[in-house]
Structures are given as C-alpha cells and as structure tokens.
Amino acid sequence: MRALRLQGDVGIEHLEIVDLPAPEPGLGEVRVRVTAASLNYRDLALVEAPFNRDRLPFAPLSDACGVVEAVGPGVTRVAVGERVASMFFPNWIAGGPTAERQANALGGGGTGVAQTQVVLSAEGVAKAPASLSDGEVACLPCAALTAWRALAVEGQITAGETVLLQGTGGVSIFALQFAKAAGATVIITSSSDEKLERAKGLGADHLINYRADPEWGRTAKRLTGGVGVDHVLEVGGAGTLPQSLRALRVGGHLSGIGMLAGGGAGVDFSTLFRGNARIHGITVGSREQFEAMGRAIEANVLRPVIGERFRFEDAQAAFRRMKAGEHFGKIVLDF
C-alpha cells in the first residue's frame, strides 16, 4: 500500500508518500480500501506540532471514506464490499464522552487514514450515506459531526432560533447547513466579503465582516433586536470568546470547538454568569450520533461543501492550502 507519513521532522515539507506492506485485519477489525479523505485544521496542527518529533514516522488524518475489502474474525456488523466512513473516535459508540471513549483518536493517538489501505476496528466505522459521493462522505467524520453534536445534540436547536457562526471553514459551513435545515436564522462572520457572499448563497441570513466590524458581537446582538443569539459555535477560542459572549442571549448556548484565533483577553466572568451562559466543550461525537446525522443529511438532501480537491499524491499542496486559510468549506484528497 501507499501511505502518507511525516518523516524526519515535523512540518508540511516532511510529509512523504511511502510504500508499506498491506495490513491484515485481526480479531474484530476490517481492512478498508480508502477512496477519499479530508483535511481538518487539527491535521495541520499535528503535522506541525513539535511534540510529534517523539513519535515519527507519524500517520496523519482522521476522516476517510472507503470500501471494506477484508474482515477479521468475529466481524458481523459490516461486510466486504460495503462503503464506510471512519469514525474519529473508534471507541465512542454511544453515550456521553469519557476518557476511554475518546482514546486513540484516528490521526492522533491512533492510526491515521491517509493511506490506500487501512485497518480499523469494525466498531469504529459507519455505513456511508448512500446519497453522497466518496469525497462528500470523507468530509463527515470530524467537521460535520462536530457541528451536528453542537447544534442538534447539545444545543437541541429548534426552528426560529438564531445561530452565530465564525468563519467559513468546514465546521461552520456544516453548521450553516444544519441550522437552516432546522429552520433557524444564521448570522455568519468572515474577514472576506467574497466568502460571506458564498455563505449567503447557502442560506446565511446576516453577514458580518469582522475586520471591518471588530465589535461584531454587539452587532450580532443588535440583529436579534437586542435579545441575543441562541447558539454560538466558538471556533476562535480565547481571541473571539469575549465577542461571542456579548452576542449570546441570557441562557444561550455556546459550543467551544476550536482555537483558531489563538490567545486573547481572559474570560469576562461577569458577562458569563450574568448571562447564565451554557457552555459545552465539543470534541466531535459518537458513532450513534454520526448515524443520526447521516439520516438527517439524507432526509434533508444536504451535500457537504467541498472547496478544493487534491490528488493523494499532492497532499503537501493540500496542507499548504489549509495553512493559508483561503479555502471555503472542506479540502478533500482523492485516492
């Protein structure tokens, strides 16, 4: 098989495609022939993380679609020939998050899927939604499930509510699609007017350029008549949290997802407790939640937004595009 490996040192320039023996599935495992994979910001962060020097060669990526081509002893829930998606947390089948269920995340503590054949736990794959292409299915395991859990599971979103989204990366664009399918109003921010117009084409109701309007949290609140938004997907972290809290209604729900904006001022606890904010840390989700999301995607005829596609052999270029931050939606590798 061919496999993408980080070798010699950390950094995009040290990603190489190498030839390795094809793996054989053991007890409770399946071998999947990978047809497509997608990138997340986490993948870039891990490729550049200094601590990964201690575990080179490193196998990146968590999100893939492929076809089961061999099963090990004891496997009954999937069969040879079925199309499946990898699960970000192969041990998290159902229920709430625990340390054990979140152990061995793919492309981090566990096997990376950026290879033509990969052995995975049979419990750690889910059947792919039939309505989607391989590249679209590969977009679902991390970004889509994160957005789904934030809004549908923890947020319990209902029609008529208002959602504030940051940026136009994978999680935010999936959240836009899920929110509109639920009948919600969406406010979205970006530093690019062009990207904001593309988001409008997907159904975004209100657009805010955060560079032109650094007080975008107050602006978002004004757009709700001063009440505040019901849900915020916080992908920026400390650098954007103060504005997010200003936008949130009393008793509103904030999903803490990422740290793209880096450091910032400390949390204003007076705003936090006066607003009775409900804050959930979101780290992807379970296979059960993925399967529910897949049913919703098919019922609402939703299609993941793929901004750019690269050949597997051009993985370095795909990572550089992710680092540039100029993409809209998801970046996909085609095998």
Inter-residue pairs, beta-carbon under 7 Å, first closer than 11 Å to Val332 by Cβ and in the stretch 128-144, second part of a loop (DSSP other than H, G, I, E, B), 6+ apart: Glu136/Arg303; Glu136/Pro304; Val137/Ala128; Val137/Pro129; Cys139/Pro304
- prompt: Pairs under 6 Å by beta carbon, first residue over 16 Å from Leu61 (Cβ atoms) in the stretch 312-328, partner at pLDDT below 95 and assigned to a loop (DSSP other than H, G, I, E, B), six or more apart or different chains?
  reply: Phe328/Thr168
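So which helices (runs of 4 or more DSSP H) stay within the stretch 233-335 end to end and still have 3 or more residues that are at pLDDT 95 or above? Write out each step before concluding.
Numbers: elements: 241-247, 269-274, 287-299, 315-324.
Correct list: 287-299, 315-324.
For Ala212, indicate whether it is in contact with a helix residue (DSSP H, G or I) (Cβ under 7 Å, 6 or more places away or on another chain) and either aliphatic (A, V, I, L, M) or part of a loop (DSSP other than H, G, I, E, B) (or both).
Values: in contact with a helix residue (DSSP H, G or I) (Cβ under 7 Å, 6 or more places away or on another chain): no; either aliphatic (A, V, I, L, M) or part of a loop (DSSP other than H, G, I, E, B) (or both): yes.
In short, no.
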- prompt: Is it fair to say Glu13 is within 27 Å of Lys330 (Cβ to Cβ), out of contact with any His (no Cβ under 7 Å at 6 or more places or on another chain) and of a type in the set (Asp, Glu)?
  reply: yes
- request: Collect the residues in the stretch 14-66 that are surrounded by fewer than 16 Cβ atoms within 10 Å (Cβ to Cβ), among the acidic types (Asp, Glu) and either at pLDDT 95 or above or more than 16 Å from Gly110 (Cα to Cα) (or both), keeping them in residue-number order.
  value: Glu16, Asp19, Glu24, Glu48
statement: Taking the stretch 68-126 and keeping only residues that are farther than 16 Å from Val34 by Cα, modelled with pLDDT of 95 or more, in contact with a Gly (Cβ under 9 Å, 6 or more places away or on another chain) and of a type in the set (A, V, I, L, M), one is left with Val75, Ile93
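The values are calculated or read from the model by the stated rules, or taken from the named source; none is laboratory data. All of these numbers come straight from a predicted model, not from anything done at the bench. No Cβ is skipped: glycine too gets one built from the backbone with ideal geometry, and neighbour counts run over all protein chains shown.
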